[in-house]
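The values are calculated or read from the model by the stated rules, or taken from the named source; none is laboratory data. Just so it is clear, the model here is predicted, and its values are computed rather than measured. Backbone-built Cβ (ideal geometry, glycine too); neighbour counts: all protein chains shown.
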Amino acid sequence: MRIDIVSIFPEYLSPLRLSLVGRAIENSTIDLHVHDLRDHTHDRHHTVDDSPYGGGPGMVMKPEPWGEQLDALLAAHDHPPRLIVPTPSGQRFTQTLAHEYANQPWLIFACARYEGIDQRVMDYYSAHCQVDEVSVGDYVLAGGEAAVLVMVEATARLLPGVLGNAQSAPDDSFAPDRPMGAELEGPVYTKPAMWRELEVPEVLRSGDHEAVARWRREQSELRTAARRPDLAG
């Protein structure tokens, strides 16, 4: 999978070189390219924003630098990418969408700042590739970079060979093919069996696989009902 990320703060994306995603980059499962949008500005101040038409607070990212950058990327390849623009006003990012992205050969993430990117950029490129405006939650960030870190990690861990245990992804909370459905995962435990007078549930130490599966299903249902009743069946 090829991933291109465009940002005015390319150093913000350096955590992608760590941990699971970093190893996926090292072994060429992911071909990552981070671009500085300011390379496509032509004034001494490297200006990427201007005041909004119609008035209002804040600044809006200009279409010209984005057009130059995206044109250059699209011209270098003979197949269209999936262009993803993080924005609080986008569709919600979900595990199902992460699975969709994991099946794409090429993703471009456009990191907005200020009040966002001039809408004409998304309108124009929607005629050339699929454009997704995506939100990672009901809150507002200073820019799209943190959201991109979330989406790339959620997507990358679904690629073949990235996780050490291939069963981990299907058993995730929200996984569309999770055996227990889209409920939250229940509590997990490891050694020691007793810690600060708190004991691991006996059923998990029983060796009874059917009883363990039944307990995990019950705990999943209880946690989902308490924390995310919207997911409860």
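Can you find, within the range 83-136, the residue that is nearest to Arg157 (Cα to Cα) among those that are acidic (Asp, Glu), surrounded by fewer than 18 Cβ atoms within 10 Å (Cβ to Cβ) and without any contact (Cβ under 8 Å) to a residue 60 or more places away in the chain?
Glu100
Residues in the range 28-40 that are part of a loop (DSSP other than H, G, I, E, B) and under 16 Å from Glu153 (Cβ atoms): how many?
2
Return only the number of the condition from (1) without any contact (Cβ under 8 Å) to a residue 40 or more places away in the chain; (2) crowded, with 16+ Cβ neighbours inside 10 Å that His42 does not satisfy.
(2)
Among the residues of the range 95-111, is there at least one that is closer than 22 Å to Ser51 by Cβ and either assigned to a helix (DSSP H, G or I) or touching a Ser or Thr at 6+ places or on another chain (Cβ under 8 Å) (or both)?
yes
Run down Gly54, Gly58 and say which single residue is surrounded by fewer than 16 Cβ atoms within 10 Å (Cβ to Cβ), touching a Phe, Trp or Tyr at 6+ places or on another chain (Cβ under 9 Å) and either assigned to a loop (DSSP other than H, G, I, E, B) or not aliphatic (A, V, I, L, M) (or both).
Gly58
As an exercise: evaluate Ala76 against (1) touching a Cys at 6+ places or on another chain (Cβ under 9 Å); (2) modelled with pLDDT under 95 and give the number of the one condition it does not meet.
(1)
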